Each structure stands twice: as C-alpha cells, then as structure tokens.
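All remarks here apply to the structure that follows.
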Amino acid sequence: METLNKLTIIVPCYNETEIFITTNETLKQVLDTLISSSMISDQSNILYVDDGSTDGTWQQIAFASNEKNVNGLKLSRNCGHQTALLAGLRHADADMNISIDADLQDDVNVIRLMVEKFLNGADVVYGVREDRSTDSYIKRQTASIFYSLMSKMGVEQVNNHADFRLLSRRATEALLDFDESNIYIRGIIPKLGFNSDHVYYSRLKRTAGESKYPFSKMLSLAVQGITSNTTFPLRFIALTGLLISLVSFFAILIILIQKMMGHTVTGWASITVGQFFLGGVQMLSLGIIGEYVGKIYLETKKRPKYFIDKEI
C-alpha cells in the first residue's frame, strides 16, 4: 500500500480572536477534503503558532486542539510574523508544509493545486496574487514600488508573493539552515534553488478583525528585506560620494576661473545651501551604515529567536 505524504498547514496568529473560529473551520474543511481524496495522509494537521497574543487567541487554539489534526504552539512573547513562521516550520514534522496567514485573505482553494504540484515534483510552490483589487489604492501602489525597488537592488523574490507557499521537507530543512537573526524569508526561498512552481489567485477581503501589517510594519519589513539581502545601499552611498566629489571638483575649477577673471561675488547663500546638502547626505549615509552595523551587532550575539511557552 502506498504511503501518503503528510501535510502541515502552518498558521501564525496574533490577536485573531475575531476570525479564528472561521479560519479553523475553513482550514479543517480543506484538510478533510484532501484526506478524503487520498491526496494526503490522515496524519496531516494544522499548526497554529500564537505569536504572543494579548487576547484570547491561545485559549481558542487550545479548545480547537481537542479536535483531531489540530495542534498549537505558543511563543513566550511577540517575536514577529517571520519568526513565528520559522518556529512553525521548525516544529512541523511533515513531508510538505504550507504557510498561510490567519486572516485567510489568501485563497485556500488553491491549496489543492499546491499539493498537486508537489506530487508532480515541485519542492516550492509560490502562491502569487494576480488580483489585488481588494487592497486599498495606497497599499497597491506601495506594494508595486516595493517589489520594483527590491528587484532593482538585486533582491531575488517573486512579485506579489507574500508568505503563502508550499515547501517540501528538504526545502524546509534547507531554509532552516539559514541561521540568521534578521531573516527575510521571501528573499531566502529563491536562493534554495529547488524545483519551484506557482499558483495564482485573487486576494480576498478580510472578513473580521484588523490587519496586523499597518504601514509602519510594512516599512520595517521592507528595510529588513533590503538590509538582509543586498549591500546595494552601501554601494549607493559610495557612488553618491563619488558624484558629489566630481561635482565639487568642477565647482572648484569654475570658482578659480572666476577668481582669476575678477568675477567672484561674495555671498553666503551658496555656501549655506552646500553645507546643508552635504550635512544631509552625511547623516543619511551614517544612518544606512548604522542599519547594517546594527544587523551585524545582532547577528554576532547569536541570541535565540524565540522561546516556546506552551505546546499542544
């Protein structure tokens, strides 16, 4: 008798009481359908990772775990979405792992397609949003700028792909070998090099609760992605310094020529503007360098990324 592959659906959760029951019922139905279709093992499960929620999310996870195929993991504090996802991947023991956000704005109907592509030999299956009409205009534009900017900086990632993906066991193990404190998973997955495929879906509206990714967190994630995957900003500083030096050199030549011809005009405006401009460039450059130095500082500490408070 052929042994079926085990699937774990990993769901990071942070203050999701308003939507958890709906999420659990929906994912249970997906899991049961795949099991009854003999596509996955009946030992497959859903793993909820509570990322230090301050509401009743863990209590709901504990109650749901009374059902078959539902497990829970509670972190000791809020460590962030990427860390919670890594914790789930590290504690899952499955032939394939699918990560999905608790708000279910990612279409669960394509999970079946992901499993089919895995069975056809794909180690990584990306869930790609082909329609973001449910997002606000500002979010669509900032997302477009973000992916374009990351691409120009040399960060390899899949456009309009967040963290809805399938990873095989060996792809999961390879990802976990990246022992970084400041990890940007979307930029790491393409570096694994295993056979990959895509499924496309339309992003759905959030049915309850509030988004856990306001603009400030999106900006923080963008900085994390850039500083964790490319040194382009440091090179940009060097190029900017070189450009300013060249402009200054020609400006000095012009001033000397005017001096010799007796056409110099005394004034403080040009000097003041130049000082403010160079001061701003220096402060920006120091800030970018400081960001990288801070990353090095955190990496050298080798502190644990998270601690497990409870496990069901």
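The values are calculated or read from the model by the stated rules, or taken from the named source; none is laboratory data. Please read these numbers as outputs of a predicted model, since none were measured by experiment. Note: ideal-geometry Cβ built from the backbone for every residue, glycine included; neighbour counts use all protein chains shown. Each accessible area value is taken on the protein alone, full model and side chains, heavy atoms only, with ligands, DNA and RNA left out. Shrake-Rupley method; radii C 1.70, N 1.55, O 1.52, S 1.80 Å.
When the residues of the stretch 2-28 are narrowed to those that are open to solvent by less than 10 Å² (accessible area, probe 1.4 Å) and β-branched (Val, Ile, Thr), which ends up nearest to Asp50 (Cα to Cα)? The qualifying residue nearest to Asp50 (Cα to Cα) is Val11.
Of the set (1) open to solvent by 30 Å² or more (accessible area, probe 1.4 Å); (2) farther than 21 Å from Val128 by Cα; (3) touching a helix residue (DSSP H, G or I) at 6+ places or on another chain (Cβ under 8 Å), all apply to Glu156 but (2). The test for being modelled with pLDDT of 90 or more, over 27 Å from Val293 (Cβ atoms) and surrounded by fewer than 16 Cβ atoms within 10 Å (Cβ to Cβ) holds for Asn120. For the stretch 44-52, state whether one or more residues are more than 23 Å from Val125 (Cα to Cα) and in contact with a helix residue (DSSP H, G or I) (Cβ under 6 Å, 6 or more places away or on another chain). Yes: one or more hits.
Of all residues in the stretch 281-307, those satisfying the criterion of being hydrophobic (A, V, I, L, M, F, W, C), surrounded by 13 or more Cβ atoms within 10 Å (Cβ to Cβ) and touching a Leu at 6+ places or on another chain (Cβ under 9 Å) are Ile288, Ile289. Scanning the stretch 30-60 for residues that are open to solvent by less than 10 Å² (accessible area, probe 1.4 Å), more than 24 Å from the chain's Cα centre (by Cα) and either over 24 Å from Lys117 (Cα atoms) or free of Cβ contacts under 8 Å to residues at least 40 places away in the same chain (or both) returns a single hit, Leu31. Please work out if Leu85 is in contact with a strand residue (DSSP E or B) (Cβ under 6 Å, 6 or more places away or on another chain), more than 18 Å from Ile308 (Cα to Cα), of a type outside the set (Gly, Ala, Ser) and assigned to a helix (DSSP H, G or I). So Leu85 fails the test. The C-beta contact set for the stretch 169-186 (first residue among the small types (Gly, Ala, Ser), second residue in a helix (DSSP H, G or I) and open to solvent by less than 40 Å² (accessible area, probe 1.4 Å), distance under 9 angstrom, 6+ apart or interchain) comprises Ala171/Ile189; Ala171/Leu192; Ala174/Leu192; Ser181/Lys295. Among the candidates Met114, Met150, the residue that is farther than 26 Å from Lys295 by Cα and either outside any strand (DSSP E or B) or at pLDDT 95 or above (or both) is uniquely Met114. Kindly indicate whether Ile19 is modelled with pLDDT of 90 or more, in contact with a Gly (Cβ under 6 Å, 6 or more places away or on another chain) and part of a helix (DSSP H, G or I). So Ile19 passes the test. Given the criteria of a type in the set (Gly, Ala, Ser) and either touching a Leu at 6+ places or on another chain (Cβ under 8 Å) or surrounded by 14 or more Cβ atoms within 10 Å (Cβ to Cβ) (or both), does Ser148 qualify? Criteria not met by Ser148. Of note, Asp197 satisfies the criterion of being open to solvent by less than 60 Å² (accessible area, probe 1.4 Å), of a type in the set (D, E, K, R) and not in a helix (DSSP H, G or I). Only one of the numbered conditions (1) of a type outside the set (D, E, K, R); (2) part of a loop (DSSP other than H, G, I, E, B); (3) crowded, with 18+ Cβ neighbours inside 10 Å is violated by Ser181, and that is (3). From the list Pro190, Pro233, the one residue that fits, being part of a helix (DSSP H, G or I) and at pLDDT 75 or above, is Pro190. With respect to the conditions (1) β-branched (Val, Ile, Thr); (2) within 23 Å of Gly56 (Cα to Cα); (3) open to solvent by 10 Å² or more (accessible area, probe 1.4 Å), Ile100 lacks only one, and its number is (3).
Do we find that Ala87 is small (Gly, Ala, Ser), closer than 22 Å to Leu31 by Cβ, open to solvent by less than 10 Å² (accessible area, probe 1.4 Å) and touching a Phe, Trp or Tyr at 6+ places or on another chain (Cβ under 8 Å) in this structure?
Taking the combined requirement at face value, the residue satisfies it.
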